[in-house]
Amino acid sequence: MAEYAVVQTGGKQYRVATGDTIRVETIPGDIGDTVELTDVLMVSSDGDVTLGTPTVEGARVVTEISESGKGKKIVVFKYKSKVRYRRKKGHRQQYTDLTVTDILLD
């Protein structure tokens, strides 16, 4: 049984433990589906740390999709003074919430 792990998904790294919920970039699937994250960079189990080169062989993090949606709206506004240049754009990033059910190290 692993205590925690560092996984990579969507170009970002997350430190996860069993029972944690993380918000990652959108992953295809429905609520309740199981997703296995295989890009495990580090695993800590009973005080023993295993580092990958670049990933840990045989390690995986089993997660369940708990929610999907769009994040808060941000406004991108470009402005140049004295030349009447203005551009206003909005963006909402899609996300998926994953609940970690198990960290396996084979």
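The values are calculated or read from the model by the stated rules, or taken from the named source; none is laboratory data. Since we're looking at a predicted model, the values are computed, not measured. Neighbour counts run over all protein chains shown; Cβ positions are idealised from the backbone, glycine included. These accessible areas exclude ligands, DNA and RNA; they are computed on the full protein's heavy atoms, side chains included. Shrake-Rupley method; radii C 1.70, N 1.55, O 1.52, S 1.80 Å.
Within region 69-106, the residues that satisfy the criterion of being open to solvent by 50 Å² or more (accessible area, probe 1.4 Å) and hydroxyl-bearing (Ser, Thr, Tyr) are Tyr79, Ser81, Tyr85, Thr101.
Against the list (1) of a type in the set (A, V, I, L, M, F, W, C); (2) touching a strand residue (DSSP E or B) at 6+ places or on another chain (Cβ under 8 Å); (3) part of a loop (DSSP other than H, G, I, E, B), the condition Val61 fails is (3). Considering each residue of region 10-55, count those that are open to solvent by 70 Å² or more (accessible area, probe 1.4 Å), hydrophobic (A, V, I, L, M, F, W, C) and not in a loop (DSSP other than H, G, I, E, B), and give that number. Total satisfying the criteria: 2. Scanning region 72-91 turns up no residue that is touching a residue at least 40 places away in the same chain (Cβ under 8 Å) and in a strand (DSSP E or B).
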